[in-house]
Amino acid sequence: MLIDSHAHLEMQDFKKDLEAVIQRAKESGVEYIFTVGTEKKDWKRALEIANSHPSIYAILGVHPHNVKEIDDRDYSMLKGLCQNEKVKAYGEIGLDFFRNLSPRDIQLKRFREQIGLAKELVLPIVIHDREAHQETIEILKTEKAEECGGIIHCFSGDYEMAKVCIDMGFYISIPGSITFKNADSFREIVRRIPLESLLVETDAPFLTPEPFRGKRNEPSYVRYTAQKVAEIKKVSFEKVAEVTTENALRVYGLKL
Ligand SMILES: [Zn+2]
Ligand SMILES: [Zn+2]
């Protein structure tokens, strides 16, 4: 059994064949999928997909790309939607200083605000950090993010960063890029992070692992990522599946 801890099934890319994608995930042993609605237009759709599939849960929040568009009314709508029992985390929130689709000062302000909102909702947070490691850590610390805990998704920091996050009660989620030819230094970092702190994810439709790199990603491919983690850590695939599943169930507050 595997869990895809992070995917975006509500995105346009899955509009035509969503049911087939979900079916293939089941057939590949992916028991649960956590779908992340990152902006206003996607929240209801993500929740709708979760509510109509027992194997799918939702994560809602405002992605750093989209924080420039939101106002207080959107926050209250989001708070209402997060009351739904299929919502298991708040996110993804954080900083993206690579694409800078929202101004940095707004990203920083909204990141702090949304950590507060997650605490109010008593939900763990899902963090997006791209080329903003130092600032991410600083905000997690000053906003006392250890009070809600959560996941650093698509982890791209170094081992020291992973350790700081783990000490604050966070899990580190590994995407398909671990399979890429040029990812040796990332693999070395993952080798050092204890399996007890790892999750696996697709971030579908993005970041497709080998051997499908270049095509659309989907939750069934999470096993290629788990397989690579097993190779790196010199443990069995079953062990990686078992421990990452337990970790995901624990952080999202589902029964083990
Ligand atoms: Zn992300
Ligand atoms: Zn994502």
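Summary of computed values
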| item | result |
| --- | --- |
| Accessible area in the full protein assembly, largest first, 1.4 Å probe, for Arg130, Arg216, Arg110, Arg191 | Arg191, Arg130, Arg216, Arg110 |
| Neighbour cut-off at most 12 other Cβ (10 Å), DSSP loop, trypsin sites (Lys or Arg not before Pro), segment 222-253 | Lys234 |
| Percent carbon-and-sulfur accessible area, segment 43-116, ignoring ligands, DNA and RNA, probe 1.4 Å | 51 percent |
| Taking all pairs of distinct alpha-carbon atoms in segment 1-104, Kirkwood radius in angstrom | 14.3 Å |
| Over 19 Å (Cα to Cα) - which of Lys181/Lys228; Lys86/Lys144; Lys181/Lys215; Lys79/Lys119 fall in this group | Lys86/Lys144 |
| Ellipticity estimate at 222 nm from DSSP helix runs (n ≥ 4, -39,500 (n - 2.57)) divided over the chain, nearest 500 | -12500 deg cm²/dmol |
| Mean accessible surface per residue for the chain, computed with a 1.4 Å probe while every protein chain stays in place, in Å² | 44 Å² |
| Environment charge of Leu95, counting only residues whose C-beta is closer than 15 Å and scoring Lys/Arg +1, Asp/Glu -1 | -1 |
| Heavy-atom accessible area ranking, 1.4 Å probe, most first, across Val30, Val164 | Val164, Val30 |
| Which listed pairs, of Lys88/Lys109; Lys163/Lys239; Lys88/Lys234; Lys16/Lys109; Lys26/Lys255, have C-alpha distances above 29 Å, in listed order | Lys88/Lys234; Lys16/Lys109 |
| Farthest toward positive dipole pole in the chain [+1 Lys/Arg, -1 Asp/Glu at C-beta], among Ile33, Ser156, Thr136 | Ile33 |
| Calculated over the chain: convex hull of Cα atoms, volume per residue (Å³) | 115 Å³ |
| log10 of Debye I(q)/I(0), alpha-carbon scatterers only, for segment 151-256 at 0.15, 0.19, 0.21 Å⁻¹ | -0.56, -0.92, -1.13 |
| Burial order of peptide ranges 207-215, 89-97, 167-175 (average beta-carbon count within 10 Å, highest first) | 89-97, 167-175, 207-215 |
| Accessible surface of segment 121-193, 1.4 Å probe, proportion on carbon and sulfur as whole % | 48 percent |
| Kirkwood-type radius of segment 1-48, with distances r between different C-alpha atoms, in Å | 11.2 Å |
| Alpha carbon Rg of segment 86-207, scaled by the compact-globule rule 2.2 N^0.38 Å | 1.02 |
| Under 12 Å from the Cα of Lys15 - aspartates and glutamates, other chains or at least 8 residues apart | none |
| Cα Rg, Dmax, segment 61-113, angstrom units | 11.6, 34 |
| Order of exposure, largest accessible area first, which applies to Cys154, Cys165 with probe 1.4 Å | Cys154, Cys165 |
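The values are calculated or read from the model by the stated rules, or taken from the named source; none is laboratory data. Bear in mind the structure is a predicted one, so any value in this text is a computation, not a measurement. Cβ: placed from backbone, ideal geometry, glycine included. Neighbour counts: every protein chain shown. In case anyone asks, the SASA skips ligands and DNA or RNA and just uses the protein heavy atoms, side chains included. Shrake-Rupley method; radii C 1.70, N 1.55, O 1.52, S 1.80 Å.
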